[in-house]
Amino acid sequence: MADSPDLMRLLQDKHEAVRAFREAKDEDTRQKAWDGVHAASESLDAELVAREETRTLDQEKAAEELRMAALQGSTAGAAKPGASTDLNLDGIRAFARGQGPAITETMEYRTDIINEAANAYGSYLVPQSWASSVIEFQIADSGLLAAGPNVLTTDGGNQINMPVLVTDAATATGAEGTAATVSNVVWGTTPLNAYRFDGFFSVSNELLADTGVDLVPLLRKYAGRSIAAKVNPYFVDPDVGTGSSTIAAVQLGCTSALTAASYAVAPSVAELKQLYYSVLPVYRKRGKFVANSACTLAYAQLQNDNGDFMWTPQLAAAESDLLMGKPFYEDAYMDSIATGNEPIIFGDIDAGYTVRYAHGGMQFIVSKEFAVTSFETTFVWGIWLDGVATDVLAIKSITLP
C-alpha cells in the first residue's frame, strides 16, 4: 500500500512504548506508558490487517482476470506452451482442496476444453518437463531408441512425407562415339503419421492433499512405464509394429543380409561377421547392433579361437557394451528367436530409421471435474508418434529359417 504508514516506524513506536513502560518509576507514569503500548499495538495490528485485506483483494482480482481471459479464449496470464518448471506440490494439494485461485504453479492452459460452466482452474497441463522425462524413460527401456534413430519432434500431427531414394544413379562404361547410358534417380516418399497412445488414472483428493506423500516421482514413473511397455514393441517387433495404420518396425524397412543356419539358437559368429560386412562401409563406420535378450546373453559369452571374449563390457552405465568393436544395445521387445523372425540388426540406426514425436511430445492433463463425484483428480496422458525406415541400405538383419 503506497499511502500506508511504514511498518518499520510502527514497530519502532511499539518498541519505544514498551521501553518507556519498563523504565517508568511511578504508577501514574506506568499507566500512561501502558496506554502508549496499547495504542502502538492497535496501530500495528490495524496496518497488518489492512495489508492482508489488500493482498487478498489483489489475488482475487488476478484470479478473476485469468478466468475471464480463459473464457474469452485468451492465454494472457497463463504459461506459454513449452514452459518448464519444477512441479509445486503445495499448489497441487491446494488445488485438490478446491482452492483453485490459490494455485501458483505455472502450467500450460488448454482453452479448447474450457467453457462457462467449468471451473477455469479445472484443466491444466503439467509442465513440459514431463515430456522429456517420459521420453528419457523410453530411451532407457528401448534398445532401438537408445541406439539413436533420427528423431523428429513436431508441434502438429499432420502427415509428413519423408523422401526416400528408390533408384540410385548408376555409371556405365561406354565406347568412343556412343551415347552415354541414361540413369535416372528415382525418389519415393514414406509417410510419417502421428498415432496416439494414451491412458489415465484417478487419484483421491485426500491422497493429493496428504503432505506426507510425494506424488510427482510416482506419477512420472507410472506414466512413463506404461507408455514404454506399450510403445517400444512397435519399433522392433514386426508382429506388433505392422506399419498398417500404426508404427512400422525397423525390420520392415531394412534388408535381410542372410538366413541363419538354425532357428533355435542365436546366429553364430560367422553369421554375425556376414551381417557386419553386408553393411556398406559408409554405414558400417557408424554401425550399431540391436538384438533381443537371448542374443545378448549368447554374444556376451562369445570367444574367438584364442579363447578371448569378443564382448567388451563398459564400466560407465551411460555407455553401451561393445561387440566386434561396435556398440551393442539389448532390446527386450525385439523379435524372438523363432522361425522367420529377425532378432538382430546392425547398421547406421540414425540414417536408417526415423521416429517422430508429434504435438511436442507427451501431454499430461490434470482434471478435477472428470471424477468430481468420487472426489478424485484425474491424470490423463497421451503421446503421438510414428516410426519408419528411411534408408533400406543403412540397416541389415539376420533372418531365422
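FYI, it's all coordinate maths here, none of it is from the lab. On a predicted model such as this, the values are computed, not experimentally measured, just so you know. Please note: Cβ atoms are built from the backbone with ideal geometry, for glycine as well, and neighbour counts cover all protein chains shown.
Worth a mention:
- Considering only alpha-carbon pairs that sit under 8 angstrom and 6 or more positions apart, the relative contact order computed for the stretch 338-401 is 53 percent.
- In a reduced charge model with +1 at each Lys and Arg Cβ and -1 at each Asp and Glu Cβ, the stretch 302-378 shows a dipole moment near 360 debye about its Cα centre.
- Hits among lysines - C-alpha to C-alpha of LYS32 under 25 Å, sequence gap 8 or more where chains match: LYS14
- Of the GluC sites (Glu not before Pro) found in the stretch 306-370, the ones in coil according to DSSP and having at most 14 other Cβ atoms within 10 Å of their Cβ are GLU319, GLU369.
- Exposure proxy ranking for LYS285, LYS396, based on other Cβ atoms within 10 angstrom of each Cβ and starting from the fewest, stands as LYS285, LYS396.
- Ordered by the number of other Cβ atoms lying within 10 Å of each residue's own Cβ, fewest first, THR296, THR312 fall into the sequence THR312, THR296.
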